[in-house]
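Have a look at the structure below before the remarks.
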Amino acid sequence: MNWENLDWAILDRLREGFLSGSAANGPYWKSLDDLAHYDFTYAERIGWKWDHVLRELSRRGWTPTDGPLLDWGCGSGVAHRRVIDTWPNCTKSVRVFDHSTLAEVYATQRLQESLPDLEIRSWDRSESIATLTISHVLNELDKDSAENLMNTIQSASTVIWIEPGTSDVAGKLVQWREKLRDSFRVVFPCPHQGACGLQTPDNAHNWCHHFASPPAGVFAESNWVKFGQRAGIDLRSLPYSALVLVKLDRSTDSALTSDSELSGRIIGRPKVSKPYTRFLGCDATQVQRLEMPKKIDARLAKKLDRPTSPRLFHWQHAEGKVTRIKPILDNDE
Ligand SMILES: C[S@@+](CC[C@H](N)C(=O)[O-])C[C@H]1O[C@@H](n2cnc3c(N)ncnc32)[C@H](O)[C@@H]1O
């Protein structure tokens, strides 16, 4: 694939299916060329969301469970490729599952071409799974497939799941979290293991979403700029929702809390103004609007609205005002 031979009839048809909801009516890949077009464009953009999540996990020193990796609803396979790019030694065997055989064929061929030493093939449901990747499938599931997916998740040791950042899908992902948190430790995005604080009436208009950023250089790349304009996609805005889980009995993830301070995550985009930065903060106490006076940390306040800025902190607050805040991972460090 290259930018010169893009077939817009294919890209428009696929996007129309995703936006209208008709993608949920059954397999829609008509050829390997459909998947190549998807992989080169829409899936690459999804890959930037994966990069954002995996970068944080990797900087926290986290690694997926070693062993067979299954990509459920694999499409062109961007999810498992991003995981293998991040942790090249996490698996020797990759399994793909999709209700479209064309998708399984494309994803298999694509990985074999780049990493011939890995064993990749369609998933035989009797095979056990160490790491499960799931990406952008929630909108397409009927009741039976949701049940199959739930069973598959329950059989995995590690789950890395990324979805769009819309209120609808992010809300559904919270419901999955609530069903799964008895058997899994939530590694991302939650800074605590309790019930999700977004389920209170006060938070009815909030949803758990985060923003990734495209790689530096995309905006200077005229082909991407033209693609964004033609497809009607704002490349600067990459909202996503996510859930990373580790089976409770296997979890070695260190707790993010310290004695005197809560660990918290900023949800969505903070609003930076001169005296204050305001944001939706999630911690073990609740999800609430917090205000951080600039004087607490002027350097941090200035950069908080950048997608590359820290999102995970140790903090203290009282009556909606942050009194102490320290990034757990500062990208500038
Ligand atoms: C939007 S694409 C996402 C593909 C890929 N995971 C990604 O992030 O680029 C959704 C994929 O899920 C697959 N899918 C949808 N419903 C499914 C089901 N019930 N069982 C298996 N695969 C399904 C579709 O065929 C498609 O390949």
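Taken together, the values in this text are just the output of simple stated rules run on the coordinates, not laboratory data. Source: prediction; values computed, not measured. Cβ atoms come from the backbone with ideal geometry, glycine included; neighbour counts cover every protein chain shown.
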Quotient of C-alpha Rg and 2.2 N^0.38 Å, computed over region 46-132: 1.03
Per residue of the chain, what 222 nm ellipticity follows from adding -39500 (n - 2.57) for every DSSP H run with n ≥ 4, rounded to the nearest 500? -10000 deg cm²/dmol
One checks the Cα atoms of region 259-331 and finds Rg and Dmax, in Å, of 10.8, 32
Under Stokes-Einstein, with the Kirkwood radius over Cα pairs standing in for Rh, what whole-number D in µm²/s applies to region 134-260 at 4 °C and 1.567 mPa s? 78
Taking 31-43, 140-152, 53-65 and ranking on average Cβ neighbours within 10 Å, highest first, one gets 31-43, 53-65, 140-152
What nm value, rounded to one decimal, do you get for the distance between ALA24 and ASP117 when each label is placed 7 Å out toward the C-beta? 4.3
ASP305 versus GLN175, label points 7 Å from Cα toward the beta carbon: distance in nm? 3.5
Quick one: of LYS247/LYS303; LYS49/LYS303; LYS143/LYS179, which pairs are farther than 27 Å apart, Cα to Cα? LYS247/LYS303
Extending each Cα 7 Å along its Cβ direction at GLU127 and ALA204, get the distance between those two points in nm, one decimal. 4.7
Determine, at each q value in 0.16, 0.19 (inverse angstroms), the log₁₀ of I(q)/I(0) that the Debye formula gives when each Cα of region 77-192 is one equal point scatterer. -0.83, -1.16
Measure nothing but the geometry: give the 0 to 90° angle between the long axis through the Cα atoms of 101-114 and the longest principal axis through the Cα atoms of the chain, rounded to 10°. 80
Could you give the spread of the C-alpha atoms of the chain along their three principal axes, from largest to smallest, in whole angstroms? 57, 47, 38
What whole number of Å gives the distance from the Cα centroid of region 143-209 to the Cα centroid of region 6-56? 23
In degrees, nearest 10, range 0 to 90: what is the angle between the Cα axis of helix 42-59 and the longest Cα principal axis of the chain? 50
Ranked from highest to lowest mean number of other Cβ atoms within 10 Å per residue, what is the order of the peptides 262-275, 92-105? 92-105, 262-275
Calculated FRET value between ASP7 and ASP234, using beta carbons and R₀ = 25 Å, to 0.05: 0.65
What angle, in degrees between 0 and 90 and rounded to the nearest 10, separates the Cα long axis of helix 167-180 from the longest principal axis of the Cα atoms of the chain? 90
